[in-house]
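Comments concern the structure below.
Throughout, read-outs are computed from the coordinates displayed, never taken from laboratory work. Quick caveat, the model's predicted, so the values are computed rather than measured. Here Cβ is always computed from backbone atoms with ideal geometry, including for glycine, and neighbour counts include all displayed protein chains.
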Amino acid sequence: MIPAAFDYLAPTSVDEALAALAEHGDDAKVLAGGQSLLPVLRLRLNAPEVVVDLGRIESLRGVRDDGDALVIGAMTKHADVLTDPLVAEHAALLARATHHLADAQVRHRGTFGGALAHADPAGDVGAPALALGAEFTIAGSGGTRSVAADDFFVDLFETAIADGELLTEIRIPKYTGWGAHYEKFVRVAHQWPIVAVAAAVRVEGGTIAEARVGLTNMGSTPLRARAVEAALQGQPATDEAVRAAAAHAAEGANPPSDLNGDADYRNHLATVLTRRAVLAAAGA
Ligand SMILES: Cc1cc2nc3c(=O)[nH]c(=O)nc-3n(C[C@H](O)[C@H](O)[C@H](O)COP(=O)(O)OP(=O)(O)OC[C@H]3O[C@@H](n4cnc5c(N)ncnc54)[C@H](O)[C@@H]3O)c2cc1C
């Protein structure tokens, strides 16, 4: 279907974009890579009068080194995250997850910030961002504020970004030297995950010194598997120890039941995929 008619604005700065959002209020919608928004418009699930395209705002693109963290612009394309050497060195989990996100075409249009702002619980970059303790910079007419990953994902397709605000950048602490793996379970290649697990571990002399584990599609938002993280700490990086810790993967989760599988099946998948992800991240 063809979307309903709308006016198109293409600001070249964040201030200009914020002014457009302030002027048009509920009638305006932000456009990033369009990989989620355009299908919504074409199905006429939303019909904004004005679309504010962020594509010409150069300052929202790219990855930079900021001392103990990486800063990724919201409009950085998935394909650029995937091939960025800083991401590979300091936030390998993000690169691993992005590798499994959709196909090359979608990765060349879709953006890191757009996917996070869209907040689909089956999206592949939410769980890694949560597990790595990302901080989200949100700009509004009153200035910018920083939101911790734990507070960013509010509910199904809902984040801490308020009306009239923009996600501008995502700050990810460095995990240099950590092992990382994203284990995604799909029935058909390039699909959204039925369940996926993001794991980053720091191994010292065969022992898991620290672990961070995020779950995709195990609730209305990405989830942190804190019980698994606690159970892994100080354990040997062996199949037996990791299997025991992974048994806690579904604790506190509330997965959906749909045509791809019911909640019990997803709970089972979470434990199996967590074991695989952690073992792979630990290089065991
Ligand atoms: C065929 C296909 C397969 C896909 N498969 C997968 C998959 O396997 N895994 C996966 O994770 N994703 C998948 N996607 C989605 C992809 O990740 C999109 O890139 C992502 O969901 C949206 O990013 P975008 O930049 O295209 O945002 P858009 O579609 O432009 O925007 C998405 C939403 O976020 C809002 N928004 C965007 N940027 C900002 C911002 N900076 N500040 C505030 N609000 C903002 C928009 O207003 C809109 O509501 C798929 C998409 C397609 C078309």
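In order along the stretch 120-135, the Karplus-derived 3J(HN,Hα) couplings, from 6.51 cos²θ - 1.76 cosθ + 1.60 at θ = phi - 60°, round to 6, x, 8, x, 7, 9, x, 4, x, 4, 5, 4, 7, x, 5, 10 Hz, and Gly and Pro are given as x. Between the amide H of V154 and those of T159, A160, distances stay under 5 Å, these residues lying 5 or more places away or on another chain, with hydrogens modeled in the peptide plane. Karplus-based coupling profile of the stretch 89-94, in residue order and whole Hz: 7, 10, 9, 4, 4, 5, with θ = phi - 60° in 6.51 cos²θ - 1.76 cosθ + 1.60 and x standing for Gly or Pro. Think of each Lys and Arg Cβ as +1 and each Asp and Glu Cβ as -1; about the Cα centre, that makes the dipole of the chain roughly 900 debye. Working from Cα pairs under 8 Å separated by at least six residues, relative contact order for the chain is 15 percent. On full extension, the segment bounded by R226 and N254 gains 8.6 nm, given 0.36 nm per residue less the C-alpha separation. Working from label points 7 Å from Cα in the Cα-to-Cβ sense, the R109 to A5 distance is 2.4 nm. Take the convex hull of the alpha carbons in the stretch 180-281; its mean projected area over all directions comes to 5.8 nm². Using 7 Å Cα-to-Cβ label points, what is the A189/A244 separation (nm, one decimal)? Inter-label distance under the simple model: 4.0 nm. May I ask you to list the aspartates and glutamates whose Cα is less than 17 Å away from that of K174, ignoring any residue fewer than eight positions away on the same chain? Answer for K174, where 17 Å is the Cα cut-off: D65, D66, D68, D84, E89, E135, E210, listed by chain and number. In this simple spin-label approximation, S141 and V50 carry label points 7 Å from Cα along the Cα→Cβ vector, and these lie 1.1 nm apart.
Hey, how much of the P(r) for the chain falls beyond 22 Å, as a percent of Cα pairs? Percentage above 22 Å: 57.
Shown in residue order for the stretch 64-80 are the 3J(HN,Hα) couplings computed by the Karplus curve 6.51 cos²θ - 1.76 cosθ + 1.60 at θ = phi - 60°: 10, 8, 10, x, 8, 8, 9, 10, 10, x, 4, 8, 6, 6, 3, 4, 6 Hz (x for Gly and Pro). Let's test the formula: R0 of 25 Å, r as the Cβ-Cβ distance of V40 and D155. What FRET efficiency results, to the nearest 0.05? Calculated transfer efficiency: 0.90. In a Gaussian network model over the chain where Cα atoms closer than 10 Å are linked, find which of G114, G25, G133 has the largest mean-square fluctuation. Highest fluctuation among the options: G25.
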